[in-house]
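The structure under discussion appears below in the form of structure tokens.
Each value in this text was obtained by applying a stated rule to the coordinates, not by laboratory testing. All values reported here derive from a predicted model rather than from experimental measurement. Quick reminder, even Gly has a Cβ in these numbers, built from the backbone with ideal geometry, and neighbours come from all protein chains shown.
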Amino acid sequence: MEVRFIGIPHPFDIEAGASLAKEALEASRQRGYEPKKGAILVVKLKAISKALGLWLDTSSLIPSAFALALADLTGKDPGLTEAILMHAKRLVRAKEGVLLVETKSGIVCANAMLDRSNTGRGPEWVLCPPEDIDAEAKRFGVVLSGLLGFHVPVIVSDTLGRPFRLGQTDVAVGLWGLNPFFDMRGQKDGYGYLLKDTCIALADELAAGAELACGKTKGVPFVWVEGVAYEENLEGSARRLERPSHKNLFP
């Protein structure tokens, strides 16, 4: 089995209002890559946010009393703290240097996925995630599939930290067109052992692999993945990858 990750650079910054599907296809063809049936496209959340024009000047915000208290506790900028709360559905944890929330897209992460890195603007500016990243993945995938004449699943990736592990990795924060899991429960391994709990987070694995082809500073917002079997699912959602609160192993 061979799996390929093909990174597609974008020669210019992505402007607000851009048709990201058309730009991804054009950039792919300029590189000499023609997408094939069965390929999956991974796109960076930053690219989605730029195309939607989701910029926010945190210095323009007036922090609430709660935001000021959290900023004092965490050591974060009050304007940034207010912006994080604006994009949060639920506060999960706050301590020195850490502000964990559940976003409106249902992702539990630090700083509500607000992005200040590699944006080309000052530190007071952040790129914000859309409220429904799955919906943006669907819009992207439907247009791209129409342009190509065959089904193309889309995974939106972003870099997150992980409980109990150092370092960060990309995960799927939005998707359309495929089942995010490769469920092996009920199958037997090569020795006849019945698999009871093995359910692979396929979308997260593809997002992490695609990050190797993207890099952080190389201007590569799109990655095509070839050679991976997946189950087509038009109702697929990255929210299914989040562990329900009643199944949390720790409070």
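What the table below lists for this structure:
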| read-out | value |
| --- | --- |
| Per-residue HN-Hα couplings for region 125-141 [Karplus 6.51, -1.76, 1.60; θ = phi - 60°; Hz; x = Gly/Pro] | 9, 10, 8, 9, x, x, 5, 10, 6, 4, 5, 5, 4, 5, 4, 4, x |
| DSSP beta bridges in the chain [antiparallel fraction, %, rounded to 5] | 90 percent |
| Phi to ³J(HN,Hα) by Karplus 6.51 cos²θ - 1.76 cosθ + 1.60 over region 41-57, Hz, x for Gly, Pro | 10, 9, 10, 5, 4, 4, 5, 4, 5, 5, 4, 8, x, 8, 8, 9, 8 |
| Value of D in µm² per second that Stokes-Einstein yields for region 70-155, Kirkwood Rh from Cα pairs, at 4 °C (1.567 mPa s) | 89 µm²/s |
| Sorted peptide list for 135-146, 218-229, criterion being average Cβ within 10 angstrom, highest first | 135-146, 218-229 |
| With eigenvalues of the C-alpha gyration tensor scaled by 5 and rooted, the chain, Å | 31, 25, 14 |
| Amide H partners (placed H, <5 Å) of N233, local residues excluded | G177, L178, N179 |
| Region 205-251-region 89-141 distance, computed between alpha-carbon centres (Å) | 16 Å |
| Note, ³J(HN,Hα) from phi for region 70-83, Karplus 6.51, -1.76, 1.60, rounded to Hz, x at Gly and Pro | 5, 4, 5, 5, 8, x, 8, 4, x, x, 5, 4, 4, 5 |
| Highest-first arrangement of 82-90, 16-24, 29-37, where packing means the average Cβ count within 10 Å | 82-90, 16-24, 29-37 |
| Gaussian network model of the chain, springs between alpha carbon atoms under 10 Å - residue of L100, L241, L61 with greatest fluctuation | L61 |
| Cα-based Rg / Dmax (Å) for region 1-59 | 13.8, 51 |
| When region 59-111 is reduced to its Cα atoms, the Kirkwood hydrodynamic radius in Å | 10.7 Å |
